[in-house]
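Working notes, structure below.
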Amino acid sequence: GKKLGYTFNNRNFHNVSLGQGQEVVAEQALDLAAKEGHWVILQNIHLVAKWLSSLEKKLEQHSEGSHQDFRVFISAEPAASPESHIIPQGILENSIKITNEAPAGMHANLHKALDNFNQDTLEMCTQENEFKSILFALCYFHAVVAERRKFGPQGWNRSYPFNTGDLTISVNVLYNYLEASTKVPYDDLRYLFGEIMYGGHITDDWDRRLCKTYLEEIIKPEMLEGEVLLAPGFPLPGNMDYNGYHQYIDDALPPESPYLYGLHPNAEIGVLTQTSEKLFRIVLEMQPRDTSMGEGGVVTREETVKALLEEMLEKLMDEFNIAELMAKVEERTPYVVVAFQECERMNILTSEIKRSLKELDLGLKGELTMTSDMENLQNSLFLDMVPESWIKRAYPSTASLGTWFADLLTRIKELEAWTGDFSLPSAVWLAGFFNPQSFLTAIMQSTARKNEWPLDKMTLQCDVTKKNREDFASPPREGAYVHGLFMEGARWDTQTGLITEARLKELTPAMPVIFIKAIPADKQDIRSMYPCPVYKTRQRGPTYVWTFNLKTRENPSKWVLAGVALLLQI
């Protein structure tokens with residue numbers, strides 16, 4: 001503003017923060033400013049939705065005949081959803097709009113993190129070397145945690161509101177700790193940054209582990225020997241001045257890639273694929289829903305749905321007769337209990353599918369009035385989406401309807417085979433359960449009963465075999481063989497029996513059969529193991545099932561940063 005001869009003194013500058021009844025003050029400021037040629041800043045107008053139409057009128061009124069130096073600046077927070085877009089069209093059309101987008105990519109984020117400080121900050125601590133090193137590492141850490149979000153659940157299980165305040169407060173804490181002690185308290189600092197400043201936002205245990213691991217890798221005594229790599233090919237810089245650090249980022253930071261976050265390049269392919277699939281789905285949903293397609297014998301929407309509906313009803317088997325099944329069981333072992341629970345859940349799901357499809361069938365024939373539920377079901381069937389009332393009674397899944405229904409039939413077949421004589425299948429399809437945890441718990445229960453061990457002192461041991469399900473003719477004496485798992489973020493090397501680097505473009509390689517048995521917790525070998533989370537779907541987060549310890553020659557932290565997990569379905 002200086003160049004144009006404006007000065008920011010109070011005489012010609014009105015700053016109004018809206019909310020708490022400040023609308024009247026704002027109106028008075030606008031009237032005065034329009035007459036005298038002052039500037040008005042209205043902050044947080046998103047808080048006063050009802051007043052915005054009055055503001056629009058007021059601005060229109062002053063658009064003619066007001067002082068030539070009169071200016072209005074308006075600020076608002078971004079809206080969370082399209083429904084919250086409340087700024088009137090008139091204001092938007094007549095204004096110059098500036099948005100403050102979050103920077104994208106490691107390069108921009110790292111510069112932005114460093115921008116919160118200056119040369120004075122770097123000089124304020126008596127332990128200058130240590131302070132600068134940890135400050136730069138914190139800036140990198142801040143950029144990493146913010147940008148990892150773009151990799152979806154492989155980046156973070158859930159999304160968190162990390163903000164600049166986390167970084168600046170962490171640097172204040174760092175300053176206070178270094179001033180108060182001669183030795184650098186690395187453990188305390190990592191705890192404060194990872195569990196309190198940043199960790200305070202984190203609600204998921206696996207995300208907490210990830211946050212902790214990053215800090216353990218970059219904030220440690222080796223920093224001062226210049227032995228710490230913030231990312232492959234990007235060592236922590238030595239002692240420089242403020243501009244030197246910005247220059248170092250420009251000169252030394254490798255080009256943007258998942259490697260900068262400790263992830264495999266496949267992580268990017270996965271995210272891009274999911275984004276484009278989402279886009280196509282939205283385009284499909286936006287198609288006009290007119291059922292009369294005109295002449296030419298084109299299949300109508302109703303005919304498509306009707307054909308699908310009949311095919312589904314025909315393929316669905318009868319419900320499981322639980323009373324009959326119970327009668328032929330001699331002993332209610334933990335496995336038998338799981339089988340019954342699964343049959344009950346399956347009955348609830350299939351009876352809802354049948355009920356809703358028959359109801360829609362009658363609606364399409366004109367024998368029942370169409371309700372909104374029936375409309376929704378019809379739309380789902382047409383768009384190849386799993387209907388809402390089925391999802392509620394089913395298991396987590398990301399599949400489209402066709403795939404989902406084929407998978408449902410396979411699940412029913414597995415259950416039928418198992419309840420045929422209640423002997424455990426030679427290899428169990430873990431993904432086929434509504435509740436895989438209950439099956440894994442049953443392995444521990446039956447071993448505990450057999451050996452008279454206390455259940456709470458037991459754990460599961462996972463040995464990855466070298467074989468596939470066809471190679472097993474009978475179940476093991478104790479425990480179970482499970483098949484149908486996939487690894488994301490890395491792959492299993494059958495020859496060496498270790499986790500190893502993923503191959504490019506193989507996003508979720510299949511695992512061999514895993515032999516799972518229960519052992520006393522104090523007997524488990526945790527050296528050179530990566531505790532690997534098992535999830536039901538690629539959504540991860542709430543679909544967590546169990547933790548399998550997998551052998552690794554490399555430091556397990558590598559797999560933590562790469563977001564390596566086992567998935568029951570892809």
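For T500, are the conditions met, namely being among the β-branched types (V, I, T) and over 28 Å from the mean Cα position of the chain (by Cα)? So T500 fails the test.
Taking region 502-527 as the search range and keeping residues that are among the charged types (D, E, K, R) and touching a helix residue (DSSP H, G or I) at 6+ places or on another chain (Cβ under 9 Å), which one is least open to solvent (accessible area, probe 1.4 Å)? First the steps, then the outcome.
Pass one, region 502-527, residues among the charged types (D, E, K, R): 503, 505-506, 517, 522-523, 525, 527.
Narrowing the set further to residues that are touching a helix residue (DSSP H, G or I) at 6+ places or on another chain (Cβ under 9 Å) leaves 503, 505-506, 517, 522.
Numbers: R503: 120, K505: 159, E506: 78, K517: 62, D522: 131 Å².
It comes out as K517.
Residues that are within 24 Å of the chain's Cα centre (by Cα), more than 17 Å from L308 (Cβ to Cβ) and not in a helix (DSSP H, G or I) were ranked within region 351-398; the one that is modelled with the lowest pLDDT is T398.
If you go through region 112-143, how many residues are in a helix (DSSP H, G or I) and either of a type outside the set (G, A, S) or farther than 18 Å from P235 by Cβ (or both)? Let's see the steps before the verdict.
We begin by selecting, within region 112-143, every residue in a helix (DSSP H, G or I); these are 112-114, 119-123, 128-143.
In the following step, the residues that additionally are either of a type outside the set (G, A, S) or farther than 18 Å from P235 by Cβ (or both) were identified as 112, 114, 119-123, 128-132, 134-136, 138-142.
Number satisfying all stated conditions: 20.
Of everything listed in (1) modelled with pLDDT under 85; (2) of a type outside the set (D, E, K, R); (3) touching a Phe, Trp or Tyr at 6+ places or on another chain (Cβ under 8 Å); (4) closer than 18 Å to I87 by Cα, the single unmet condition for L47 is (3). Output the residue which, of all residues in region 228-248 that are touching a Leu at 6+ places or on another chain (Cβ under 7 Å) and closer than 12 Å to A137 by Cα, is most open to solvent (accessible area, probe 1.4 Å). Selected residue: P235. I'd like to know if region 323-337 contains one or more residues that are assigned to a helix (DSSP H, G or I) and in contact with an Asp or Glu (Cβ under 7 Å, 6 or more places away or on another chain). Scanning region 323-337 turns up no residue that is assigned to a helix (DSSP H, G or I) and in contact with an Asp or Glu (Cβ under 7 Å, 6 or more places away or on another chain). Checking A26, A49 one by one, the residue that is open to solvent by 30 Å² or more (accessible area, probe 1.4 Å) and either over 16 Å from L92 (Cα atoms) or among the aliphatic types (A, V, I, L, M) (or both) is A49 and no other. Considering V482, V545, V464, V560, the condition of being over 18 Å from the mean Cα position of the chain (by Cα), surrounded by 14 or more Cβ atoms within 10 Å (Cβ to Cβ) and touching a residue at least 60 places away in the same chain (Cβ under 8 Å) is satisfied by V464 alone. Against the numbered list (1) part of a helix (DSSP H, G or I); (2) farther than 18 Å from H107 by Cβ, Y248 comes up short only at (2). Might you check whether a residue that is touching a residue at least 12 places away in the same chain (Cβ under 8 Å), more than 30 Å from E324 (Cα to Cα), of a type in the set (F, W, Y) and surrounded by fewer than 20 Cβ atoms within 10 Å (Cβ to Cβ) occurs anywhere in region 490-499? Checked against the condition, which is being touching a residue at least 12 places away in the same chain (Cβ under 8 Å), more than 30 Å from E324 (Cα to Cα), of a type in the set (F, W, Y) and surrounded by fewer than 20 Cβ atoms within 10 Å (Cβ to Cβ), region 490-499 yields no hits at all.
Suppose we filter region 170-227 for residues that are aromatic (F, W, Y), open to solvent by 40 Å² or more (accessible area, probe 1.4 Å) and under 22 Å from P533 (Cβ atoms); how many remain? Break it down stepwise before answering.
Step one: filter region 170-227 for residues aromatic (F, W, Y), giving 175, 177, 186, 191, 193, 198, 206, 214.
Among the residues that remain, those that are also open to solvent by 40 Å² or more (accessible area, probe 1.4 Å) are: 175, 177, 191, 206.
From what is left, the residues that are under 22 Å from P533 (Cβ atoms) are 206.
Residues flagged as aromatic (F, W, Y), open to solvent by 40 Å² or more (accessible area, probe 1.4 Å) and under 22 Å from P533 (Cβ atoms) within region 170-227 amount to 1.
Quickly run through region 414-437 and pick out the residues that are aliphatic (A, V, I, L, M) and crowded, with 17+ Cβ neighbours inside 10 Å. Reasoning before the result, please.
From region 414-437, those aliphatic (A, V, I, L, M) are 415, 417, 424, 427-428, 430-431; that's our starting set.
Scanning region 414-437 gives L415, L424, A427, V428, L430, A431.
Just so you know, in region 257-289 the residues that are acidic (D, E) and over 17 Å from L504 (Cβ atoms) include one that is most open to solvent (accessible area, probe 1.4 Å), and it is E277.
Within region 399-413, count every residue that is surrounded by 15 or more Cβ atoms within 10 Å (Cβ to Cβ) and either of a type in the set (A, V, I, L, M) or more than 23 Å from the chain's Cα centre (by Cα) (or both). Qualifying residue count for the region: 7. Summed over region 53-111, residues that are assigned to a strand (DSSP E or B), in contact with a helix residue (DSSP H, G or I) (Cβ under 9 Å, 6 or more places away or on another chain) and either open to solvent by 80 Å² or more (accessible area, probe 1.4 Å) or on the phi > 0 side of the Ramachandran plot (or both) total 1.
The values are calculated or read from the model by the stated rules, or taken from the named source; none is laboratory data. Since we're looking at a predicted model, the values are computed, not measured. Cβ: placed from backbone, ideal geometry, glycine included. Neighbour counts: every protein chain shown. For the accessible areas, the whole protein counts, side chains as well, though only heavy atoms, and no ligand, DNA or RNA atoms are used. Shrake-Rupley method; radii C 1.70, N 1.55, O 1.52, S 1.80 Å.
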